[in-house]
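Have a look at the structure below, then the notes.
No value in this document is a laboratory result; all are computed from the given coordinates. None of these values were measured; they are calculated from a predicted model. No Cβ is skipped: glycine too gets one built from the backbone with ideal geometry, and neighbour counts run over all protein chains shown.
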Amino acid sequence: MNTIKLTTPLSLETVRSLKAGDRVLLSGVIWTGRDQAHKRLVALLDDGKPLPCNLDGQVIYFVGPCPAKPGMPIGSAGPTTSYRMDAYSPRLLAECGLRGMIGKGARTAPVVEAMKQYGAVYFAATGGAGALIARCVKKCELVAFPDLGPEAIYRLEVEDFPLVVATDANGETLYR
């Protein structure tokens, strides 16, 4: 099986071409956020306020990274179980143009339906490999919600981040 190299932002055409099981090396900018950050993003949408980052064509990584060691941009950065974001993901897909999500574990039916409707992909990162994943992060910058600590929103610049398409934009999934 070939490995597909992708660079963010992701186009609708690119996302729709991916199939469950495809291996991907992702480079470019990705954003981090876990459930509390997602809750705040949706609250901003509810209030008609701008988000702290433009998610159009972008990818969110469900991670709460460990503090960086001296000379490193980030500490261990393994994926978080994704269903914790499922209450919020459909809104970000529908209203913000989010094209990709990275985490671990299956997604609920409403998320998969939103992915199909709006054109998005769910990538799986390898759980337990946070130290190895961190090697792909070249730069890390705090963007929003610093009171959330590691669960704040960070802007990561990544290079050849190894992923697998777990659920594609057609709703096909590796979790069945």
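Can you tell me which residue among THR7, THR32 is buried (at least 17 other Cβ atoms within 10 Å of the Cβ), among the β-branched types (Val, Ile, Thr), farther than 17 Å from TYR118 by Cβ and out of contact with any Lys or Arg (no Cβ under 7 Å at 6 or more places or on another chain)?
After ruling out the rest, the residue left standing is THR32.
Quick check on region 149-158. Is at least one of its residues charged (D, E, K, R), touching a strand residue (DSSP E or B) at 6+ places or on another chain (Cβ under 8 Å) and surrounded by 14 or more Cβ atoms within 10 Å (Cβ to Cβ)?
Yes, because at least one residue in region 149-158 is charged (D, E, K, R), touching a strand residue (DSSP E or B) at 6+ places or on another chain (Cβ under 8 Å) and surrounded by 14 or more Cβ atoms within 10 Å (Cβ to Cβ).
Do we have PHE123 as within 16 Å of the chain's Cα centre (by Cα), outside any helix (DSSP H, G or I), hydrophobic (A, V, I, L, M, F, W, C) and over 17 Å from SER82 (Cα atoms) here?
no
Are any residues in region 130-173 assigned to a loop (DSSP other than H, G, I, E, B) and more than 16 Å from the chain's Cα centre (by Cα), and if so, which ones?
ARG135, PHE145, ASN170, GLY171, GLU172 - these are the residues of region 130-173 that are assigned to a loop (DSSP other than H, G, I, E, B) and more than 16 Å from the chain's Cα centre (by Cα).
Among residues belonging to region 58-72 that are touching a helix residue (DSSP H, G or I) at 6+ places or on another chain (Cβ under 8 Å) and not β-branched (Val, Ile, Thr), point out the one that is farthest from GLN117 (Cα to Cα).
Applying the filter and picking the extreme gives MET72.
What residue, among those in region 73-93 that are among the aliphatic types (A, V, I, L, M) and in contact with a helix residue (DSSP H, G or I) (Cβ under 6 Å, 6 or more places away or on another chain), is surrounded by the most Cβ atoms within 10 Å (Cβ to Cβ)?
ALA77
With respect to GLY57, is the statement that it is within 24 Å of THR108 (Cβ to Cβ) and not charged (D, E, K, R) true?
In short, yes.
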